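Taking it in order: structure first as structure tokens, then the write-up.
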Amino acid sequence: MTLPAAEQDAAVEAVFPLAGKSLPRDHAQALQHALTLQIPWLHEDAGAGIHPVKLVAGPESVALLSQRTRLILRVHANRLAELQALDGVQLDVMAHPLRLGAVHLRELQPHATLYAYRVAAGSSDESVFMQAMETELAGMAIAGVRVCGKCQSLRVDGQEMTTFSMMLHGLGPEQSLRLQQHGLGPHRLLGCGLFVPHKSAAAV
């Protein structure tokens, strides 16, 4: 399939069925490593991101994967041919094998409420984090009501990196798409700063 030139430049969600039994909960860096071995251009594409994999809830350090589990990448649509070549590829994520199915692309949709499971923070101080986000959002001319959520940690290079979940609501269509295209903060390949539509402005 050949996309029109304008559509090739657009960011999209590349959705892969994911076959596997389990995955450690803190797997973001290992997943990034496994994927960039297969598609090195992820490092070169400033807009590329790897969404956090949705895991079965529970207290265990290793989580089960459901049959509906998907791996979702945020990439430019012009990467379609390279992504199609990943059908059947097996990833090794911390000795947990994962097999990718056939990719399909999903366009970004404007939505008044957006949510990020984690946004990288330079401090565990919520007020410091939110001030940094206000500055970044102002630079993109994005308004809306900001809601800071749960403080979490992510293990990166043997150290703990602080993240917060975050929600924005009351966004206009252009602002919504702009935030999804650009995200907030660094570390997209670790699943940080990637916003997705959310059904309501419920607590994060």
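Derivation of every value follows stated rules applied to the coordinates shown; laboratory data play no part. All figures in this text were calculated on a predicted structure; none of them were measured in a lab. Here the Cβ positions follow ideal geometry from the backbone for every residue, glycine too, while neighbour counts run over all protein chains shown.
Using 0.36 nm times the number of residues separating residue 138 and residue 165, minus their current alpha carbon distance, what extension gain do you get?
Working: separation 27, 0.36 × 27 = 9.72 nm, distance 1.89 nm.
Value of the extension gain: 7.8 nm.
Can you tell me the dipole magnitude for the chain around its Cα centre, using point charges on the Cβ only (Lys, Arg +1; Asp, Glu -1), in Debye to the nearest 20? List each step's numbers first, then the result.
On the way: 16 positive and 18 negative charges, 131 e Å.
Dipole size: approximately 620 debye.
Please report, largest first and rounded to whole Å, the three semi-axes of the ellipsoid equivalent to region 70-132, where each semi-axis is the square root of five times an eigenvalue of the C-alpha gyration tensor.
31, 19, 10
When only C-alpha pairs under 8 Å and at least 6 residues apart count, what is the relative contact order of the chain, in percent?
Details: 421 pairs, mean separation 53.6, N = 204.
Reported relative contact order: 26 percent.
Need one number: the % of Cα-Cα pairs in region 114-197 sitting beyond the 15 Å mark.
More than 15 Å apart: 52 percent of the Cα pairs in region 114-197.
Which of 185, 11, 198 sits farthest toward the positive end of the charge dipole of the chain, with +1 on the Cβ of Lys and Arg and -1 on the Cβ of Asp and Glu?
198
Where in region 118-161 is the amide nitrogen less than 17 Å from a point lying 7 Å along the Cα-to-Cβ axis of residue 33?
Under 17 Å, as judged by backbone N against the label point of residue 33, lie 154-161 of region 118-161.
If you build the Cα gyration tensor of the chain and take the root of 5 times each eigenvalue, what three semi-axes come out, in whole angstrom, biggest first?
Working: eigenvalues 136, 99, 45 Å².
Three semi-axes, in Å: 26, 22, 15.
Over the Cα atoms of region 39-145, what radius of gyration and what Dmax do you get, in Å?
17.2, 45
Using only helices, what value at 222 nm comes out for the chain when you add -39,500 (n - 2.57) per DSSP H run of length 4 or more and divide by the total residues, to the nearest 500 deg cm²/dmol? Before the final figure, lay out the partial values.
Details: 5 runs with 44 residues, N = 204.
Rounded to the nearest 500, it is -6000 deg cm²/dmol.
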